[in-house]
2 protein chains.
Amino acid sequence: MASSTASEWDLHTAITPAGDGLFDATLDPGWVVGGGVNGGYVLGVVGRTIAETLPTKPHPLSVSASYLSASRPGPAQVSTRVLREGGTVATVAAELGQEGTTRISVLATYADLREMPTDVSTTAVEPALPPLEECVPGSMAPAETRRIAPVMDRFDLRFDPACIGWAMGKPSGNGHIQAWLKMADGHPLDAVGLLMVCDALPPVTFDLGRPGWAPTLALTVHVRAVPEPGWLKVSHRTRNVAGGLFEEDCEVWDPAGRLVAQSRQLAMQPRP
Amino acid sequence: MASSTASEWDLHTAITPAGDGLFDATLDPGWVVGGGVNGGYVLGVVGRTIAETLPTKPHPLSVSASYLSASRPGPAQVSTRVLREGGTVATVAAELGQEGTTRISVLATYADLREMPTDVSTTAVEPALPPLEECVPGSMAPAETRRIAPVMDRFDLRFDPACIGWAMGKPSGNGHIQAWLKMADGHPLDAVGLLMVCDALPPVTFDLGRPGWAPTLALTVHVRAVPEPGWLKVSHRTRNVAGGLFEEDCEVWDPAGRLVAQSRQLAMQPRP
């Protein structure tokens, strides 16, 4: 039975060994968005499974996922295969499937971030976000939106007012959305949780005046440090909308002012 | 026998079916850099193999590779496994091995770029590069450098003088290298060739005053259009040097002024 101090994230990503490198998981309906389950959450379940199979290398450095079919709430099976383990990093291939159909296929490099050198010379600039009380809470979204996207109830999101015009029918056209993010239950996230954070915000195409579902084809996340507890800053941008596809770059900064995760995904543009 | 009009790139990435989804390749010694073979070239060999197994989807949209061990010149085996094919995209897992040891593992999404919508609304800005004749040819590199990096003879590279201070012992510290690129034999590159171009320049850490080999852990390339023939603009940047690792973002622009490829790799910092 779960401890009363377990976080929602830990409960929703819990897995059970099923033998032969297989694990059973249950995709929680709380992560539904539109016709499927949030892709970052599904990646988090796989990321958790890999972490638990690598006791001395619990942290993802680089995780790449191909999304093959839309995940549904309910039972899922995760398989992992260690391609190489030795030295400071391990490389693992993994898949999550439901009823015999692969949902996502993953290639991952894991290590122990606490044993990495402590040097930092980041030239990236921390996103400028107004104070929390000046930002727009995700809870202000219309009831209809929240009904088709219960995933929004997993987070406390506070959007930068400069990037939320799309919610009022006035997208900026800049291809930029940024927000403060905390889990709704107040629990801090670990390194694996960052895999999910990189896909937590609405598609950046909303800010281009293209609302609608933007199915992810491929997503790569680099995790560079274990985040400090507290509010995270999450920034999504797109710079290349072409050929029916767009790339979405995400940065996650922790309360210590560190760039803890960088991701890039390739997604299909919402249909007009 | 190869036609006299075959490009060096086609010859060096040629594969032979060996049955059961396996292909034989030969890694050409002309791509050696230091103790191994250029990672972009190895990815190109795998990318070519995937393209040849997908007759109606010849173009990579997104390719992610994990680098497990250093490749050597000589025979190699490539295996491919179609994870999903249907609709406009196919997803494939592939591996390249030598003497029973996996060198790289790959997850890829392919399509036919000629059948994608033609809309473009890129906000990315084309790199400003001085005219060719004002740039610094790669052929000016010291003989010793060229001896340990014969890969340099594969390209005609013309470096932006503003980003080549490191070659004279005066790195800018900006983490930025950009150059014009053409194949040395003058042949144009196809979409698969862009997988290689994203790893063709010296490590961007040279511009941070950290010379030396920077082993790639993981590399993801998005190809967004088939490049027009002619000089390509290639730009490498890093924004997050931390934990003994750095990310390297590459953009490739074609002569038509289109952002044809974007990549990001996670690499180990050169040892001081």
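Nothing in this text is a laboratory measurement; each read-out follows from the coordinates by a stated rule. Note that the structure is predicted; figures quoted are calculated from it, not measured. As a convention, Cβ positions derive from the backbone with ideal geometry for all residues, glycine included, and neighbour counts pool all protein chains shown.
Here are a few things to note about the model shown:
- Peptide-level mean, for A:244-253, of C-beta atoms on other protein chains within 10 Å: 3
- Nm distances between copies for A:ALA6, ranked from closest, using label points 7 Å along Cα→Cβ: 5.9
- Pseudo-label separations to other copies for B:GLU134 - Cα-to-Cβ vector, 7 Å, nm: 4.1
- Built amide H within the under 5 Å cut-off of B:GLU228, gap 5+: B:ALA256
- The slack in the chain from A:SER69 to A:ALA18, taken as 0.36 nm per residue of separation less the alpha-carbon distance, amounts to 16.0 nm.
- Net charge of Cβ neighbours under 11 Å - reference B:CYS198; Lys, Arg +1; Asp, Glu -1: -3
- Simple spin-label estimate for B:GLU228 and B:THR88 in nanometres, 7 Å along Cα-Cβ: 2.3
- Counting Cβ atoms of other protein chains within 10 Å of each residue's Cβ and taking the mean over peptide B:256-268 gives 3.
- Length gained on full extension, A:THR26 to A:GLU134: 35.2 nm, using 0.36 nm per residue less the C-alpha separation.
- J(HN,Hα) series, region A:252-269, from Karplus relation 6.51 cos²θ - 1.76 cosθ + 1.60, nearest Hz, glycine and proline x: 10, 10, 9, x, 7, x, 9, 6, 8, 8, 10, 9, 9, 10, 10, 10, 7, 5
- With the charge dipole of region A:59-185 set up from +1 on Lys and Arg Cβ and -1 on Asp and Glu Cβ about the Cα centre, the Cα lying farthest toward the positive end among the listed residues A:THR145, A:SER69, A:ALA128 is that of A:SER69.
- Computed about its Cα centre, the charge dipole of region B:20-172 is approximately 360 debye, with only Lys, Arg, Asp and Glu carrying charge at their Cβ.
- Cα-centred dipole magnitude for the protein assembly as shown, charges only on beta-carbon of K, R (+1) and D, E (-1), debye, nearest 20: 160
- Remark: label point of B:THR101 defined 7 Å out from Cα along the Cα-Cβ vector; separations to the same position in other copies 4.1 nm, ascending.
- Other protein chain Cβ atoms within 10 Å, averaged over every residue that makes up B:231-243: 5
- Integer Hz, Karplus 6.51/-1.76/1.60 couplings in order for region A:61-77, x for Gly and Pro: 8, 9, 10, 10, 10, 9, 9, 9, 7, 6, 6, 10, x, x, x, 8, 10
- Evaluated with a Cβ-only charge set (Lys, Arg +1; Asp, Glu -1), region B:132-231 carries a dipole of roughly 300 debye about its Cα centre, given to the nearest 20.
- Share of Cα-Cα pairs in region B:114-241 lying beyond 19 Å, as whole percent: 53
- Once the Cα atoms are used to define both axes, helix B:39-53 deviates from the longest principal axis of chain B by about 20 degrees.
- With a simple spin-label model that places each label point 7 Å from the Cα along the Cα-to-Cβ direction, the separation between B:LYS170 and B:THR145 comes to 1.5 nm.
- Subtracting the Cα-Cα distance of A:ASP153 and A:THR56 from 0.36 nm times their residue separation leaves 31.6 nm of extension gain.
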